[in-house]
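One structure is given here, and the rest of the page talks about it.
The values are calculated or read from the model by the stated rules, or taken from the named source; none is laboratory data. Every value quoted in this text rests on a predicted model; they were computed, and no experiment measured them. In this analysis, Cβ positions are derived from the backbone assuming ideal geometry, glycine residues included, and neighbour counts consider all displayed protein chains. Note: areas computed on protein heavy atoms with side chains; ligands, DNA, RNA excluded. Shrake-Rupley method; radii C 1.70, N 1.55, O 1.52, S 1.80 Å.
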Amino acid sequence: MQGLCSVVIPSYNEEAMIERAAWAVGSVLTDAGIPYELIFVDDGSRDETWARIEASAAANPTVRGVRFSRNFGKEAAILAGLGQAAGDCCAVIDCDMQHPPEKIVEMYRLWQQGYEVIEGQKSSRGTENALHRLAAKTFYSLISAASKIDMANASDFKLLDRKAVDVLVRMPERGAFFRALSSWVGFKTTSVQFDVREREAGESKWSTKSLIRYAVNNLASFSNVPLQFVTVLGVLLLGIDVIWAIVSLIRRIAGAAVGIGTGLGLLLMLIGGACMLALGVIGFYLGRIYDEIKRRPRYIITSVCGESPEEN
Ligand code: UDP
Ligand code: MG
């Protein structure tokens, strides 16, 4: 089976990379004799990214572009690209070429053998500083425990069969976490190892703040454990409270002078803290429920360019 392979490329302020990525991915797939289309999703870039995508699409019939009205994040860009894709299978690859394009061929061959979800797994994390590595490790062990999917070496570099793509695109969930959802959907899955390369041009789009937000949100979208944690903490505190009260009472009956003021103060502080924590967690999930029920679109497309293969 020689099906069409759509390659989705989320791009945010990647003006220096569009042509290079189109060329790199295109030539690899052409050499391998794989029919393909490239879908660049401009995630509200503020540089010349969209102009470069339009120029590529004008020069090259295999290139298409989708432009967001503002920055909606990589997850939204991936889902939008998958939504536009016409292929029998769809690959997702970073624009900065940190994911080696020749691996798409390997993934495609596995797809031809009948695999439906082919995950790209990092065999090395490239050059990240120690702090980043530690943070990433903590996040992935938490999310692996929460989602019961081993995510330590997961990436967004994947190839999905049309069946899996259709399921993902139709998911009503707003706070989608593509990396975990693609394993969550199941299907016949395998993985391919790759080495993370140096970014070719431009700079990483993640600030520490955006990474923390990303970690917390995705953790919450896969787990309710923090909510239970608060309940447990509450029960624990209550238990301590009761024991403390009983002990104080006994000591009082025995005639000892109990510094009840100190004890009470401490207890009050503890309970106050726990309550605040609980409210914070509940508020956080409430906020997420609010976001979900608003049913706002995940992204807004302002323009598209290039011809979809179906129109030909
Ligand atoms: N990206 C995006 N929207 C964003 C941030 C990033 O579409 O809000 C894209 C970016 O253009 C790139 C990919 O996601 O193709 C990975 O981003 P980056 O290289 O900055 O992340 P890193 O490799 O540092 O994790
Ligand atoms: Mg990168």
Inset, instruction - Using the heavy atoms of the protein chains and a 1.4 angstrom probe, tell me the accessible area per residue for the chain in square angstrom. - result: 52 Å²
Inset, instruction - At q = 0.09, 0.12, 0.13 Å⁻¹, work out log10 I(q)/I(0) for the chain with the Debye formula, treating every Cα as an identical point scatterer and leaving solvent out; two decimals please. - result: -0.53, -0.82, -0.94
Inset, instruction - Pick out which of S248, S207, S123 has the largest mean-square fluctuation in a Gaussian network model of the chain, springs linking Cα atoms closer than 10 Å. - result: S248
Legend entry - 5 angstrom amide H check on V8, placed H, neighbours 5+ away: I39, A91, V92, I93
Legend entry - Within the stretch 1-61: Cβ-based charge dipole about Cα centre, in debye rounded to nearest 20 (Lys, Arg +1; Asp, Glu -1): 160 debye
Legend entry - 13 Å beta-carbon shell around M97, net charge (K/R +1, D/E -1): -4
Legend entry - Charge sum, other residues only, whose C-beta stays under 10 Å from S6's C-beta, Lys/Arg counted +1 and Asp/Glu -1: 0
Legend entry - Ellipticity estimate at 222 nm from DSSP helix runs (n ≥ 4, -39,500 (n - 2.57)) divided over the chain, nearest 500: -17000 deg cm²/dmol
Legend entry - the chain: angle of helix 18-31 to the longest principal axis, Cα-based, in degrees nearest 10: 60 degrees
Inset, instruction - State to the nearest 20 debye the size of the charge dipole of the stretch 234-312 about its Cα centre, where the only charges are +1 on K and R beta carbons and -1 on D and E beta carbons. - result: 620 debye
Legend entry - Backbone HN-Hα couplings from phi across the stretch 235-242 [Karplus 6.51/-1.76/1.60, Hz, Gly and Pro as x]: 4, 4, 4, 4, x, 4, 4, 4
Inset, instruction - Show the residues, 5+ positions off or on another chain, whose built amide H is closer than 5 Å to the amide H of S191. - result: E119
Legend entry - Among I9, L267, I253 - extreme Cα towards positive end, dipole of the chain, charges at beta-carbon: I253
Legend entry - Sequence of F139, F177 from largest to smallest accessible area, 1.4 Å probe: F139, F177
Inset, instruction - Return one number: the angle in degrees, 0 to 90 and rounded to the nearest 10, between the long axis of the Cα atoms of helix 260-293 and the longest principal axis of the Cα atoms of the chain. - result: 30 degrees
Inset, instruction - May I ask you to rank W111, W184, W206 by accessible area, largest first, using a 1.4 Å probe over the protein chains only? - result: W184, W206, W111
Legend entry - Long-range amide H partners of S303 with built H, under 5 Å: R67
Legend entry - Area of D31 that stays accessible when all protein chains are in place (1.4 Å probe, Å², to 10): 130 Å²
Inset, instruction - Among A77, F222, Q193, pick out the residue whose Cα is farthest towards the positive end of the charge dipole of the chain, where Lys and Arg carry +1 and Asp and Glu carry -1 on C-beta, about the Cα centre. - result: F222
Legend entry - ³J(HN,Hα), Karplus 6.51/-1.76/1.60, whole Hz, each residue of the stretch 50-55, x for Gly, Pro: 5, 4, 5, 5, 4, 5
Legend entry - Extreme residue, positive dipole direction of the chain, given options A22, V105, S210 (C-beta unit charges): S210
Legend entry - For C275, solvent-accessible area (1.4 Å; no DNA, RNA or ligand), Å²: 70 Å²
Inset, instruction - Using 0.36 nm per residue of separation minus the Cα-Cα distance, give me the extension gain between R46 and Q113 in nm, one decimal. - result: 20.0 nm
Inset, instruction - Take K188, K158 and sort them by solvent-accessible surface of the protein heavy atoms, 1.4 Å probe, largest at the top. - result: K188, K158
Inset, instruction - Take each of the peptides 59-66, 294-301, 4-11, average the number of other beta-carbon atoms within 10 Å over its residues, and list them starting from the highest. - result: 4-11, 59-66, 294-301
Legend entry - For Y285, net neighbour charge (Lys/Arg +1, Asp/Glu -1) across residues whose Cβ lies under 12 Å away: -1
Inset, instruction - Any chance you could look up the accessible area of Y115 with a 1.4 Å probe, heavy atoms only, rounded to 10 Å²? - result: 60 Å²
Inset, instruction - Would you mind telling me the share, in percent, of accessible area of the chain contributed by carbon and sulfur at probe 1.4 angstrom? - result: 61 percent
Legend entry - Principal-axis tilt of helix 208-222 within the chain, Cα atoms, nearest 10 degrees: 80 degrees
